[in-house]
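The values are calculated or read from the model by the stated rules, or taken from the named source; none is laboratory data. From a predicted model like this one, the values you see are computed outputs, not experimental measurements. Here the Cβ positions follow ideal geometry from the backbone for every residue, glycine too, while neighbour counts run over all protein chains shown.
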Amino acid sequence: MDTTQTIGDWQFESITTLQQFEALAVEWEALLEAAHTDNIFLSHLWLREWWRVYGEGRQVWVVAARRSGRLAGAAPLMIERARRLAFVGAGSVVPNHLDFIAEPQSRAELTPLLCDYVWRHNARWDVLDFDTLPEGSPTLAALAQRPGAVAAAKAQCPYAVLPASFEAFVQSRGGKTRKQLRLSRNYLSQDFPSARFGLVRTADEFDPTFEALVNLHQERWAERGQPGAFAGAQFTNFHRATALAALARDRLRLYFLQIENAYAAVYLCYRTGRRVQYYIAGYDDRWGKYSVGIQTLAYAIEQSIAEGATEFDFLQGDEAYKTHWTTHSRANWQLQLPGPHLRGQLAWARRQIPARAGGWAKRRLPPQWTAALKRFVRRR
């Protein structure tokens, strides 16, 4: 199959090896900046590190679009087992707002062309499953028109639009939030004058702070009888490598609070363009009187405003603590689409069996028979 194709004055190329993708690093980051995407999950450093850790058993398929030799758009895709087409990075690390990338001046023209290219090359895949597309995405709009497409809002993603000052932001959050933050800060400064907030800026600071993040996060979840996000070495190693790479490029925002030289809270965030994205945190419940989690989050927002960010993105999830700080919310969408061939239709039908069989069995069969049927379907 040809790896390049010309449509009008556009040249499309299929990138099918990690080495080819790595060679795009400089152009990719320039495109991401020009596109004003402001999303760490579409950055070259995130996608590259993800592929190195999680890529086994998957086939990279990045579609690069050029005009006059310049990279002006890209579709960061992969083909998973069972010929499922997805965005690179989708899955267990829970990325957000995945999409095609295009320069603003070319987006309206180029996005449908990228969608058409992916559609025409359906011999590569059986089922398209694009998770966490942002609402309003032209990719979502273009592909949702294809035969058999199923699109649905999957999760809400709260975020805060940041004003020019932290004082103005806190003022806008209401009396309850302002009072809680003021009291907790007063208690902390009175009882522990040496307590300090900070932001990791060097590799030497990184190791102990990242280790504290992992330990604090895991300890909190262990108390609830749950494994925690860092229970697996693969997940931990990926985030360590990605955060270090981001630190070297001034993308990492690893905020912390220390009390008596011990870490009380750590927040892992990333800065891309004018957006800061909060990914994961850990904090010590023993300091609950001082609301160390809320205080460190407030510090992260305060520092984001100070450095000129205009949005603090909490990513998907409607946890109660986020409502204290967010001003808006948008949806992540999931788009699923069968390939326009017999193999795609069969794969699509096979994907529907578990839900349909489970519903029928729940109504008609004893529980033990239902469980056995589900196990059988999964093995298929």
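For this structure, a couple of remarks:
- Residue under evaluation Thr139, criteria (1) hydroxyl-bearing (Ser, Thr, Tyr); (2) out of contact with any strand residue (DSSP E or B) (no Cβ under 6 Å at 6 or more places or on another chain); (3) not in a helix (DSSP H, G or I), criterion not met: (3)
- Conditions (1) more than 17 Å from Pro95 (Cα to Cα); (2) out of contact with any Asp or Glu (no Cβ under 8 Å at 6 or more places or on another chain); (3) in contact (Cβ under 8 Å) with a residue 40 or more places away in the chain; (4) surrounded by fewer than 17 Cβ atoms within 10 Å (Cβ to Cβ); number of the one not met by Glu223: (2)
- Evaluated against (1) outside any helix (DSSP H, G or I); (2) farther than 25 Å from Gln190 by Cα, Asn237 falls short on exactly one condition, (1).
- Meets criteria (in contact with a strand residue (DSSP E or B) (Cβ under 7 Å, 6 or more places away or on another chain), surrounded by fewer than 20 Cβ atoms within 10 Å (Cβ to Cβ) and either among the acidic types (Asp, Glu) or in the same structural domain as Phe169 (by TED's automatic domain parsing) (or both)) for Arg240: no
- Complete set of residues in the range 1-19 that are polar (S, T, N, Q) and touching a strand residue (DSSP E or B) at 6+ places or on another chain (Cβ under 8 Å): Thr3, Thr4, Gln5, Thr6, Gln11, Ser14, Thr16, Thr17
- Any hit, the range 262-278, residues being surrounded by fewer than 21 Cβ atoms within 10 Å (Cβ to Cβ), among the hydrophobic types (A, V, I, L, M, F, W, C) and part of a helix (DSSP H, G or I): no
- A Cβ distance below 8 Å, combined with a sequence gap of six or more or placement on separate chains, defines the contacts here; from the range 139-150, residues that are in contact (Cβ under 8 Å) with a residue 24 or more places away in the chain and more than 16 Å from Ala75 (Cβ to Cβ) reach residues that are of a type in the set (A, V, I, L, M, F, W, C) and in a helix (DSSP H, G or I) in the pairs Gly148/Trp348; Ala149/Leu143.
- Test: residue in the range 279-295 that is surrounded by 21 or more Cβ atoms within 10 Å (Cβ to Cβ), under 27 Å from Leu32 (Cβ atoms), out of contact with any Ser or Thr (no Cβ under 9 Å at 6 or more places or on another chain) and among the hydrophobic types (A, V, I, L, M, F, W, C): no
- Residues that are over 18 Å from the mean Cα position of the chain (by Cα), touching a residue at least 60 places away in the same chain (Cβ under 8 Å) and closer than 30 Å to Asp126 by Cβ, drawn from the range 298-344: Gln336, Leu337, Pro338, Gly339, Pro340, His341, Arg343, Gly344
- Gln218 more than 17 Å from Ile301 (Cβ to Cβ), in contact with a Gly (Cβ under 6 Å, 6 or more places away or on another chain) and in contact (Cβ under 8 Å) with a residue 12 or more places away in the chain: yes
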